[in-house]
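In what follows, a single structure is set out as structure tokens and then discussed.
Each reported figure results from applying straightforward, stated rules to the coordinates on display, with no laboratory input. Remember, predicted model here, so these are calculated numbers, not experimental data. Reconstructed Cβ throughout: ideal geometry from the backbone, glycine too, with neighbour counts over all protein chains shown.
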Amino acid sequence: MAKNGLSGTEKRVAFSLASVFGLRMMGLFMIMPVFALYGQHLQGFTPFWVGIAIGAYGLTQAILQIPMGMLSDKIGRKPVILGGLLLFAFGSVVACMSDTIYGVVAGRALQGMGAIAAAVLALAADLTRDEQRTKVMAIIGMCIGGSFALSLLAGPVITQYLGLSGLFGLTAGLALIGMLIMYLFVPNPVASAPSGDTTADAGKLLKMLRDPQLFRLDAGIFLLHLTLTAVFVALPLDLVDAGLAKEQHWMLYFPAFVLSFLMMVPMIIIGVKRNNTKQMFQIALVIMLLALTIMALFTQSLIALCIAIVAFFTAFNYLEASLPSLISKFCPIGAKGSAMGVYSTSQFLGAFCGGVLGGGAYQLVGAQGVFCVGIVLMLLWLSLTFGMKNPKLLKSYTLQAKVSGRDEAQTMAAQLSQLNGVAEAIVVLEEKVAYLKVDDEFDLRQARAVLGSAS
């Protein structure tokens with residue numbers, strides 16, 4: 001097994017789980033750029049119900065994300081993931097067969113009930129070494145971002161030829177392909193990674209909400225996905241009014257997303273190298289405000305809307321990529337699973353609220369009203385960032401600990417804390433693991449010597 005790189009098994013785990021996650025997220029995202037345009041034949045169609053249909057998955061995801069992760073601790077990761085994908089496929093079939101918007105909403109809610117994100121990430125942790133876990137999570141994260149970009153291309157093209165019901169039918173097929181990948185390519189874990197690293201601890205959730213730095217990030221992802229969902233209730237209709245036929249929307253979305261990704265990368269590099277994440281965060285929010293302002297002021301100008309979309313996705317991509325990393329840096333050691341549980345719940349709840357708010361605002365005051373609501377929300381988020389701190393540049397490790405008693409665990413924690421480069425250290429007797437936050441001077445061999453680990 002390669003010490004400094006992913007082993008063959010870890011590569012298979014990373015890319016197979018990334019594929020499962022990506023296929024499912026494509027199924028959720030592809031509806032966003034097309035539903036307001038292609039769902040007008042549905043009985044009961046109104047802008048308000050469009051918003052609910054787009055965001056309905058977020059409510060059930062938000063409710064079930066943490067419980068499904070905890071369930072995977074009890075009955076296993078793969079049964080939860082396979083069951084979630086099956087439920088997602090069933091919801092897609094319900095939406096596919098519906099001729100009313102209410103049936104589509106029910107199908108989208110069922111899709112969201114297949115809340116497998118926590119279980120997938122926990123399984124990835126179970127099947128990888130702690131020193132390679134960050135790389136595996138990064139591959140999964142990149143695949144999620146790629147699936148969003150691809151959905152902007154695929155959604156309009158597929159719907160043009162297959163219609164809305166065909167799009168939902170395809171999402172059911174994607175879920176079944178995900179189940180096949182899980183069955184054929186993902187190994188069964190022989191041990192579980194420590195729960196503090198993977199799934200939420202109910203006793204720690206309130207503590208996560210009370211942490212001022214984590215609260216800012218949770219509120220941020222809530223507002224970001226609220227704004228994204230609300231914008232996609234109004235933006236497709238605005239583009240049609242500005243002269244871009246609905247069959248051509250992919251020709252705008254996909255290049256805009258690629259260009260915005262290229263513009264976002266330097267922002268991340270600058271933020272990391274200069275350790276000024278807070279300032280780059282604020283710059284991204286200003287870019288988002290400019291994009292929404294252009295959308296609100298120039299609803300009939302296709303050129304202005306194109307510029308606004310590139311700016312919007314540049315800011316969105318930066319914020320979406322940065323937030324999970326910041327969560328892991330600010331959360332207490334041994335509580336990453338709980339911190340990410342609150343984060344994911346906030347994310348999906350934001351998507352639901354965005355659908356409701358966007359649909360309601362469009363029905364009452366039109367597209368300009370939706371974009372103005374987004375401006376207010378981004379101003380609120382910008383105000384929250386003034387108390388934000390730049391994170392310390394630390395790495396996290398989770399190591400097995402040969403410990404048999406509480407006194408021994410406390411002694412180990414004290415010895416680890418004295419090692420060069422260790423900023424924080426705790427040893428959890430019940431899980432027989434040590435959680436460490438370290439800088440570049442940390443020597444992993446010294447820590448393993450203290451822990452009595454031969455691995």
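Let me check I've understood the local charge: for Arg216, count other residues with C-beta under 15 angstrom from its C-beta, Lys and Arg +1, Asp and Glu -1. What total comes out? Write down the numbers at each step before the final one.
Details: positive: Arg210, Lys278, Lys329, Lys389; negative: Asp211, Asp218.
Once all neighbours under 15 Å are counted, the net charge is +2.
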How much of the DSSP beta bridge set in the chain is antiparallel, as a percent to the nearest 5? 90
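Order of 257-263, 394-400, 84-90 by packing, highest average Cβ count within 10 Å first?
Peptide ranking by packing, descending: 84-90, 394-400, 257-263.
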Low-density loop cleavage sites - chymotrypsin sites (Phe, Trp or Tyr not before Pro) in the stretch 285-334, where at most 13 other Cβ are within 10 Å (DSSP): none
Dipole magnitude of the stretch 200-393, debye to nearest 20 (Cβ charges: Lys/Arg +1, Asp/Glu -1, about Cα centre): 920
Fewest-first ordering of Tyr343, Tyr161, Tyr57 by Cβ atoms within 10 Å yields Tyr161, Tyr343, Tyr57
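Place a +1 charge on the Cβ of each Lys and Arg in the stretch 90-173 and a -1 charge on the Cβ of each Asp and Glu, then give the dipole magnitude about the Cα centre in debye, rounded to the nearest 20.
Numbers: 4 positive and 4 negative charges, 18 e Å.
With only Lys, Arg, Asp and Glu charged at Cβ, the dipole is about 80 debye.
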Given the options Phe168, Thr385, Phe298, identify the residue whose Cα lies farthest towards the positive end of the charge dipole of the chain (+1 on Cβ of Lys, Arg; -1 on Cβ of Asp, Glu). Thr385
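Listing Glu424, Glu431 from the residue with the fewest other Cβ atoms within 10 Å to the one with the most, what is the order? Present the calculation step by step, with values, prior to reporting the outcome.
Numbers: Glu424 16, Glu431 19.
The order, fewest Cβ neighbours first, is Glu424, Glu431.
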With an 8 Å cut-off on Cα pairs and a minimum separation of 6 or more residues, tell me the relative contact order of the chain in percent. 21
Taking the alpha-carbon centroid of each part, what is the distance from the stretch 295-371 to the stretch 120-189 in angstrom? 21
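Considering only DSSP states other than H, G, I, E and B, which trypsin sites (Lys or Arg not before Pro) in the stretch 249-329 qualify as loop sites with at most 11 other Cβ atoms within 10 Å? Write down the numbers at each step before the final one.
Working: sites: Lys273, Arg274, Lys278, Lys329; in loops: Arg274.
Passing sites in the stretch 249-329 are Arg274.
Rounded to the nearest 20 Debye, what is the dipole magnitude of the chain about its Cα centre when Lys and Arg each give +1 and Asp and Glu each give -1 at the C-beta?
Working: 30 positive and 23 negative charges, 140 e Å.
Result for the chain is approximately 680 debye, rounded to the nearest 20.
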J(HN,Hα) series, the stretch 67-81, from Karplus relation 6.51 cos²θ - 1.76 cosθ + 1.60, nearest Hz, glycine and proline x: x, 5, x, 5, 4, 5, 5, 8, 10, x, 6, 5, x, 5, 5
Cα extents of the chain along the three principal axes, largest first, in whole Å? 68, 45, 37
How many Lys pairs in the stretch 200-393 lie less than 22 angstrom apart by Cα atoms, where the lysines are 8 or more positions apart or on different chains? 17
Two decimals is fine: what's Rg over Rh for the stretch 253-321, C-alpha atoms, Kirkwood radius as Rh? 1.02
